[in-house]
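Down below is the structure, laid out as structure tokens.
The values are calculated or read from the model by the stated rules, or taken from the named source; none is laboratory data. These numbers come from a predicted model, not from an experiment. Heads up, the Cβs are rebuilt from the backbone with ideal geometry, glycines too, and the neighbour counts pull from every protein chain shown. Accessible surface areas use protein heavy atoms only, side chains included; no ligands, DNA or RNA. Shrake-Rupley method; radii C 1.70, N 1.55, O 1.52, S 1.80 Å.
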Amino acid sequence: RHSLAREMMLQAEAIATNSTISSIRVDTNNDNTAMLNLLKSLNYTYCGIVSYGERGTREAFEKEWKNL
């Protein structure tokens, strides 16, 4: 169901963890249940609401890790 999106997120995380990047942030619509469920399953932390002015609001998530 989410295999392509999951694979893309995992690839982004792999690239980030193999570099100096220590976190990934994602904003999504509050009605995008597929993405909200994916982020939860990948252990992203809810950060709050982001305002895009006339374009509305998004829910913000972040995943952090320590690079060696």
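Criterion first (among the hydroxyl-bearing types (S, T, Y), open to solvent by 90 Å² or more (accessible area, probe 1.4 Å) and free of Cβ contacts under 8 Å to residues at least 60 places away in the same chain) does T28 satisfy it? For T28, the condition - among the hydroxyl-bearing types (S, T, Y), open to solvent by 90 Å² or more (accessible area, probe 1.4 Å) and free of Cβ contacts under 8 Å to residues at least 60 places away in the same chain - is not met.
Which residues, counting only those in the range 25-56, are part of a strand (DSSP E or B) and within 17 Å of A12 (Cβ to Cβ)? Across the range 25-56, the qualifying residues are R25, V26, D27, T28, T45. Candidates A34, A16: the one that is under 13 Å from the mean Cα position of the chain (by Cα), surrounded by 13 or more Cβ atoms within 10 Å (Cβ to Cβ) and at pLDDT below 95 is A16.
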